[in-house]
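Contents: one structure, followed by commentary.
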Amino acid sequence: MTDQIIALVPTYGLSLLALIVALGCLALPVPSSLVMLTSGSFISAGDLPLMPTLAAAYFAAVLGDQLGFHIGRWGGPPLLLRLATNKDRKQLLDRAHRSTQNRGGTGVFLSRWLVSPLGPYVNFIAGATGLSWLRFTIWGSAGEVIWVGFYVGLGVIFAENISAVGEIATDMSGLIAAGVITLFLGWLITRALRKHKPRT
């Protein structure tokens, strides 16, 4: 399916790019990062214009974030229960919830680009737990600048090796997310051990 979507980019251009990016921000299984990389390669070849492509991807990402936030705000806990239908998704939701509760706006910002697999779930949880809309929008919009610029930029720079770069970028994103979660858990364990350390 991914190859079929990418093959449609030259035909449908910015409309397809915007649709895929917005759907990716709603936790739907679409290759949004790979489509941005591919769009970058089309920019390099002169088939897509640079600024309109960046603008289409950016505003679609912000729109997708806003939709996710408002779905969470309107649907609240029942929506989160429906999303937590399997173990992997439940773990993502739990991580996203901790990120939103502990870090607020900073958690939203980092989930746009540093730990982007958590992004859609942070959108839902931020809405469901009552995070301020203005705070969510400011931090989320700032984070999307980095996410969109990074993937489209990689596509422009490495136009000849999109598949390899896409694989590396995806693996790197997963490794960073795992590293951040590991550091966070280590910090929690260290704090708990200090708290329960017997007094001498």
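The values are calculated or read from the model by the stated rules, or taken from the named source; none is laboratory data. Computed from a predicted model, the values in this text were never measured in an experiment. Glycine also receives a Cβ, built like all others from the backbone with ideal geometry; neighbour counts cover every protein chain displayed.
Assorted remarks:
- Residue count for region 147-185 under the criterion of being surrounded by 15 or more Cβ atoms within 10 Å (Cβ to Cβ), of a type in the set (A, V, I, L, M) and at pLDDT below 95: the result is 11.
- Check on ARG73, part of a helix (DSSP H, G or I), closer than 23 Å to GLY140 by Cα and in contact with a Gly (Cβ under 9 Å, 6 or more places away or on another chain): yes
Per-residue answers, yes or no, for (1) modelled with pLDDT under 75; (2) of a type in the set (Ser, Thr, Tyr); (3) part of a helix (DSSP H, G or I):
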site	(1), (2), (3)
LEU80	yes, no, yes
THR85	no, yes, no
ARG95	yes, no, yes
ARG98	yes, no, yes
VAL108	no, no, yes
PRO117	no, no, yes
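- Evaluated against (1) within 19 Å of VAL108 (Cβ to Cβ); (2) outside any helix (DSSP H, G or I); (3) among the acidic types (Asp, Glu), ASP65 falls short on exactly one condition, (2).
- ASP88 meets each of the listed conditions (1) under 15 Å from the mean Cα position of the chain (by Cα); (2) without any contact (Cβ under 8 Å) to a residue 24 or more places away in the chain apart from (1).
- Subset tally (residues that are small (Gly, Ala, Ser), buried (at least 21 other Cβ atoms within 10 Å of the Cβ) and without any contact (Cβ under 8 Å) to a residue 60 or more places away in the chain) for region 92-127: 6
- Residues located in region 17-32, provided they are surrounded by fewer than 20 Cβ atoms within 10 Å (Cβ to Cβ) and modelled with pLDDT of 95 or more: LEU19, LEU23
- Any chance ILE43 is crowded, with 18+ Cβ neighbours inside 10 Å and touching a Leu at 6+ places or on another chain (Cβ under 8 Å): yes
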